[in-house]
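Notes to accompany the following structure.
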Amino acid sequence: MSDTEMIESGNMKIDWVLNHMPVLNIIREQFEKDKPLAGHRVGMALHVEAKTAALVETLAIGGAEVAIAGCNPLSTQDDVSLALHQKNNIQCFAKYDCCTEEYYEAIDKVLDFKPDITIDDGADLIFKLHTERTDLLPMILGGCEETTTGIHRLKSMERDGALKMPVIAVNDAMTKFLFDNRYGTGQSAWDGIMRTTNLLVAGKNVVIGGYGWCGKGAAMRASGLGANVIVTEIDPIRALEARMDGNQVMPMREAAKIGDIFLTTTGNKDILKREDFEVIKDGAILANAGHFNVEINLEDLKSMASSVKTVRNNIKEYTLKDRRVFVLADGRLVNLAAGDGHPAEVMDMSFANQALCVRYIAENKLANGVHPVPLELDIGVAEMKLKSMGISIDKLSEEQTAYMDGWECGT
Ligand code: NAI
């Protein structure tokens, strides 16, 4: 494709998702009118695909200058990246399948641009700001973090007294994790697996590693596709919840013997490792939807394999002594590295929270540390979403409010 064709393709993708992001569109209109980000420089490291581009455009419409890098080497869509780079007040440095050096060079370019507000998905920008680029910290007003793993990292930094800037935990907004992590990952991880393998899910033993918000969504959709779902967990409450939701629950070592498709969603490392590969079935398919590519231990798998070859786009076959194991998208998040990521309607809410939180940081002085998304913003996003869906709900009457607040009424 020529550059012109790439730009056209990227813009078509952006236009398509924008038609399905009504809440972000309302915020765009407000931003156009108020220009709340005029004079601010927003530095971002996110998955560079169409929905993210819609967020970047929104921030630029709000008056910000924006620079963005990818947050995963395999999730960038080059046509979207190029289309973004052409737009006013936007620089995009993301490239698909870049090497580790190029990946961090792009992050550095975003920091060279001297942002005063950051948006991360996995805390890469903030990590660099606190290690190699500490000179830039004094000009930072605050940052936003998109995902569970990033917030884990930031809370660890806060606990150790190492976090030197305010960060809003966008992932923890109810209108984010209840929808994005659950319904977004639930649908898009299966979209990635199905379009990559072109195989049937019905009748297979699907093993979901972790029953958090992403795991619940992935298990629910696997069940809807006709799979026999097995969950592995380390948390007794979540294990119990998985069982009561109708799944089988067992340790990975047991699940490894019977699973046909494995999907890890824990945010932890070594969910599938040597001892599991020793017993895994011939033909097993392994995919990950957790943030980093550490959930499937590919070093272990490589060291046990006599050969590794690509057998289809985004599928690597590892030949063990008497079995073959197939890994999708090199163990990177399968919904983005082998698909288009979450549905636009879901990212509408996640990125509405991002845009509103960037405005909140620009308009309020926050103390260093991890902050929740202000409740009124979170509820506001839910209200706008319901309205856009043509749904209205009941209101408490005065009598009901008094009843709920009181303690006198018993029988
Ligand atoms: P969560 O904290 O709600 O759930 C993680 C679950 O994994 C917990 O129930 C935990 O007990 C379990 N777990 C931890 N170690 C385990 C082990 N060794 N074996 C079995 N289970 C284990 O987190 P959430 O929100 O579900 O996110 C999970 C991961 O997915 C994170 O890395 C997050 O950043 C990422 N994520 C990915 C998205 C995508 O587009 N693919 C979207 C949103 C989040």
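Applying the criteria of a DSSP loop state and at most 10 other Cβ atoms within 10 Å to the trypsin sites (Lys or Arg not before Pro) of region 362-405 yields K365, K395. One chain, two ends: H85 and E8. Fully extended at 0.36 nm per residue, the span grows by 26.5 nm beyond their Cα-Cα distance. FRET efficiency for the Q30 to E398 pair, using the beta carbon distance and R₀ = 22 Å, is estimated at 0.10. If you run the Gaussian network model on the chain, springs between alpha carbon atoms under 10 Å, then out of A256, A162, A227 the most flexible one is A162.
The residue list I261, A60, A289 was ranked by how far each Cα lies along the charge dipole of the chain toward its positive end, using unit charges on Cβ atoms, and I261 comes out on top. Of all lysines in the structure, those lying under 27 Å Cα to Cα from K321, and not within fewer than 8 positions of it along the same chain, are K204, K257, K269, K273, K281, K302, K309.
Stretching R274 away from C99 to a fully extended chain increases their span by 60.4 nm, per 0.36 nm per residue minus the current alpha-carbon distance. Estimated from the Cβ-Cβ distance and a Förster radius of 22 angstrom, the FRET efficiency linking E158 and K109 is about 0.20.
Rounded to the nearest whole Hz, the Karplus-based 3J(HN,Hα) values (6.51 cos²θ - 1.76 cosθ + 1.60, θ = phi - 60°) of region 127-135 follow the sequence 4, 5, 4, 8, 10, 8, 10, 4, 4, with x at glycine and proline.
Once you've got the Cα coordinates, tell me which of K114/K155; K51/K87; K51/K176 are over 21 Å apart.
On the way: K114/K155 24 Å; K51/K87 15 Å; K51/K176 14 Å.
Too far apart for the 21 Å limit: K114/K155.
Order T131, T196, most accessible first, counting only protein heavy atoms with a 1.4 angstrom probe.
Working: T131 70, T196 10 Å².
Ranked from most to least accessible, the order is T131, T196.
Note that region 186-195 has calculated 3J(HN,Hα) couplings of x, 7, 6, 5, 6, 4, x, 5, 6, 5 Hz, one per residue in order, obtained from phi through the Karplus relation 6.51 cos²θ - 1.76 cosθ + 1.60 (θ = phi - 60°); glycine and proline are x. For region 240-395, a crude dipole built from +1 on the beta carbon of Lys and Arg and -1 on the beta carbon of Asp and Glu, taken about the Cα centre, is about 440 debye to the nearest 20. Packing here is the average count of other Cβ atoms within 10 Å per residue, and on that basis the peptides 153-159, 167-173, highest first, run 167-173, 153-159.
Label sites at F292 and N364, each approximated as a point 7 angstrom past Cα along Cα to Cβ, lie 3.0 nm apart. Would you mind calculating the gained length between Q248 and M304 on full extension (0.36 nm times residue separation, minus the Cα-Cα distance), in nm to one decimal? Between Q248 and M304, full extension yields 17.3 nm more.
By the helix-only formula, in which each DSSP H run with n ≥ 4 contributes -39500 (n - 2.57) and the sum is divided by residues, the chain has a 222 nm mean residue ellipticity of -13000 deg cm²/dmol.
Give me the Å³ per residue figure for the convex hull around the C-alpha atoms of region 150-228.
Numbers: hull volume 8.4 nm³, N = 79.
Enclosed volume per residue, from the Cα hull, is 106 Å³.
Derived scalar couplings between HN and Hα for region 174-181 equal 4, 6, 9, 5, 5, 10, 5, 5 Hz in order, rounded to whole Hz, by the Karplus curve 6.51 cos²θ - 1.76 cosθ + 1.60 (θ = phi - 60°), x for Gly and Pro.
For region 91-130, a Kirkwood radius taken over Cα pairs fed into Stokes-Einstein (25 °C, viscosity 0.890 mPa s) yields D = 229 µm²/s. Each listed q (0.14, 0.16, 0.18, 0.24 Å⁻¹) maps to a log10 I(q)/I(0) for region 71-117, found by the Debye formula over equal Cα scatterers with no solvent: -0.34, -0.44, -0.56, -0.92.
Note on the chain: with a GNM built from Cα contacts shorter than 10 Å, the maximum mean-square fluctuation among V327, V311, V48 falls on V311. Amide H contacts of C92 (H built 1.01 Å from N, in plane; Pro and chain starts excluded): I68, H85 sit under 5 Å, all sequence-distant by 5 or more or on other chains. Between T319, N198, A344, the Cα set farthest toward the positive side of the dipole of the chain (charges on each charged residue's Cβ, about the Cα centre) is that of T319. About its Cα centre, the chain has a charge dipole of approximately 900 debye under the convention of +1 per Lys or Arg Cβ and -1 per Asp or Glu Cβ, with nothing else charged. Applying the criteria of a DSSP loop state and at most 12 other Cβ atoms within 10 Å to the chymotrypsin sites (Phe, Trp or Tyr not before Pro) of region 112-179 yields no site. Placing +1 on the Cβ of every Lys and Arg and -1 on the Cβ of every Asp and Glu, with nothing else charged, gives region 303-406 a dipole about its Cα centre of roughly 1080 debye. Computed over Cα pairs, the Kirkwood radius of region 347-393 leads via Stokes-Einstein (1.002 mPa s, 20 °C) to a diffusion coefficient of 182 µm² per second. Calculated over the chain, the projected area of the Cα convex hull averaged across directions stands at 23.5 nm².
The values are calculated or read from the model by the stated rules, or taken from the named source; none is laboratory data. All values derive from a computational prediction rather than experimental measurement. Counting neighbours? That spans all protein chains shown, and the Cβs are built from the backbone with ideal geometry, glycine included. Calculation scope for accessible area: heavy atoms of the full protein, side chains included, ligands and nucleic acids excluded. Shrake-Rupley method; radii C 1.70, N 1.55, O 1.52, S 1.80 Å.
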